[in-house]
1. If we count other beta carbons within 10 Å of each Cβ, what is the order of A:THR110, A:THR13, fewest first?
2. Looking at chain A as a GNM with Cα springs under 10 Å, which of A:LEU11, A:LEU257, A:LEU59 has the largest mean-square fluctuation?
3. At q = 0.11, 0.18, 0.20 Å⁻¹, what is the log10 ratio I(q)/I(0) for region A:7-69, with the Debye formula run over Cα points and no solvent?
4. Suppose we keep just the alpha-carbon trace of region A:141-222; what are its Rg and Dmax in angstrom?
5. Fewest to most neighbouring Cβ within 10 Å: what's the order for A:GLU306, B:GLU43?
6. What is the mean number of Cβ atoms from other protein chains located within 10 Å of the Cβ atom of each residue in peptide A:91-104, rounded to a whole number?
7. For chain A, what is the relative contact order in percent, using Cα pairs closer than 8 Å and at least 6 residues apart in sequence?
8. With the alpha-carbon atoms as the only input, what is the per residue convex hull volume for region B:39-184 in Å³?
Amino acid sequence: MSEALLHVEGLLTSFPGARGARLPVVDRVDLAVARGEALALVGESGCGKSMTALSIVGLVPKPGRIDAGSIRMRGRELRGLPVTAMRRVRGAEIAMIFQEPATSLNPVQTAGAQVVEAITLHERVARGEARRRALALFEQVGIPDPPVRFGAYPHQLSGGLKQRVMIAIALAARPQLLIADEPTTALDVTIQAQILELLAGLARETGTAILLITHDLGVVNQLADRVAVMYAGRIVEEGTRAAVLAAPHHPYTHGLLRSMPSLAQPGERLAEIPGVVPAPDAWPPGCRFEGRCAIALAVCRAREPERTRLDGGAAVRCHAVAGESPQ
Amino acid sequence: MLGYLLRRTAWGAATVLGVLLFLFALFFLYATPQDVARRALGEKAPPEAIAQWLVNHGYDKPAVWNPADPLDTRLAEHLRRMLLFDFGRSDADDVPIAQRLRDGVGPSLSVTLPLFTLGLPLALSLALLVAFFRETYIDRVGVVLCVLAMSVSVLVYILGGQYLLGKLLRWFPISGFDPAPSVLLRFVALPVLVGLLAGVGANVRFYRAVFLEESGRDYVRTARAKGAGDARVMARHVLPNALIPVLTNVVVEIPFLFTGSILLESFFGIPGLGSITVDAIQSNDFATLRVMVYLGALLFIAGQVLTDVAYTLVDPRVRLG
């Protein structure tokens, strides 16, 4: 994928563990997002999705750090970029929206001022022009009555409106990539659908690529072109949305799909995946899903499965699947 | 806002009444008039002198109940004087207390005002600095210095300052006060310096903790994700939000600028309200002491109302109503 917009290779992000050891939370992750494409990164809480996103924009909270790997945006390596250069990347090339619109906006600044800041941080524009553009962004993200909302403080806006303001902030400097970290998780269901539609529409209009981070396969179904499934710091399956959702290979993806009410067949009993994602200090030497897997083999306990390429650009990391495939 | 202020004033009035009743119990019921008079006049004063003194100072009236004239009691007199700010004369030397307050406010303010206006920006900027360099040597050294500074007794600063800067280096007078503008600064400099040193450690530590807490909030991450740099994030996002808790700490102090610092004034011989309070205690001047406690309560309530009003200025989420 030479024309990839964002290319992440071997990303390893860790936090300090007991006795000076480093505990990886993102473990040798490879990702690629093409121009205008929407890639969904899917997995349960605690599997390293958000840390992957924060690693990409260089905002891993201390004392975490990126130990290895490369993050290239339009061919340019972002790791090791000077602070000021990285600042120009954030917002202008890669923008982010977060899960909690309620706490992600500055409570003592008006919504308008926060959008204006996102514009003026990256472009020299007159104050009136910045305001005009912020109002246009309000319009674009479907905020009713922009002049009034422009002067409103976050606490005067509903959750859905706050998330729209976040999206306006993210789009303010016309980024090529928008990372949306659980953008709808904190919103109620009707608002979720609106926000997803908005994101999909904006991405189409502006050609912005999206890296969507979610645990909700319903969201994936609505927005993503391709899907990468993450488990315990590793990408375990990837492929087009159709391939992954309709014909998943990895037992973890199977499990996720079967636990989804919206994707289950009528009358079918929803299945849960027993157990929880192991914490980074409890990762087994073999396959990390082995302890929760219904079809685990003897080899799964002994050795971590390699990445197996499948048809149509898909790939999976599973001994059971690799054994069946002709490769 | 108006409704709030009215309600708050009513609560304040109830509190003040409680303070006045408590003062009455303490100074008029627990301490008998005979005690007060003997303390003022000395153990060997003749009985006639004591009787006369009691009449002069209104201590001869019945305490709470006078069948002849219900309003002619010590309680009624106490409440009337306090509520009308008609404080009467000192028990010790018969100087009008109002006169004494007027004379003391100036010297008190000449120390507390510079202390406040210099101390707040000093502590805030130092805290901003160590918070900005968090988890580096600057931060650690800063915190250690703060803990050291706040662990040393104020008395050490006072005596050390007087010895080093007053006696050895002769930069400032050791103590004393002169309101003449040409020399006022020389007398006030040392107490202000000592006050700054004694207070800065605890304040920097508190403000630093507030800044660090705000730095970890989601909106700070949003600001960084927008592309804002460290300095901008601190100045535009963290500082305005951190001001909210800082304000509680600061605004409540403002009314007490008028009453001065008891320790600094008594050690540096500054004739402010702090000194007056200490003198009143030492000379058994209960009349003056009552007034000081009463004024302290009033100022405290004023400080709290002021803080609430200040909240509405820095936090758009707060509406008083």
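1. On the way: A:THR110 19, A:THR13 24.
Fewest-to-most Cβ neighbours within 10 Å comes out as A:THR110, A:THR13.
2. A:LEU59
3. -0.25, -0.64, -0.78
4. Cα only, region A:141-222: 12.6, 36 Å (Rg, Dmax).
5. So the ranking, lowest neighbour count to highest, is B:GLU43, A:GLU306.
6. On the way: counts 6, 2, 1, 2, 3, 5, 2, 5, 1, 3, 2, 1, 5, 8.
Counting other chains' Cβ atoms within 10 Å and averaging over A:91-104 gives 3.
7. 19
8. Numbers: hull volume 34.7 nm³, N = 146.
Convex hull volume per residue, Cα atoms: 238 Å³.
None of the figures in this text is laboratory data; all of them are computed from the coordinates on show. Just so we're clear, the structure is a prediction, and the values are computed from it rather than from any experiment. Neighbour counts run over all protein chains shown; Cβ positions are idealised from the backbone, glycine included.
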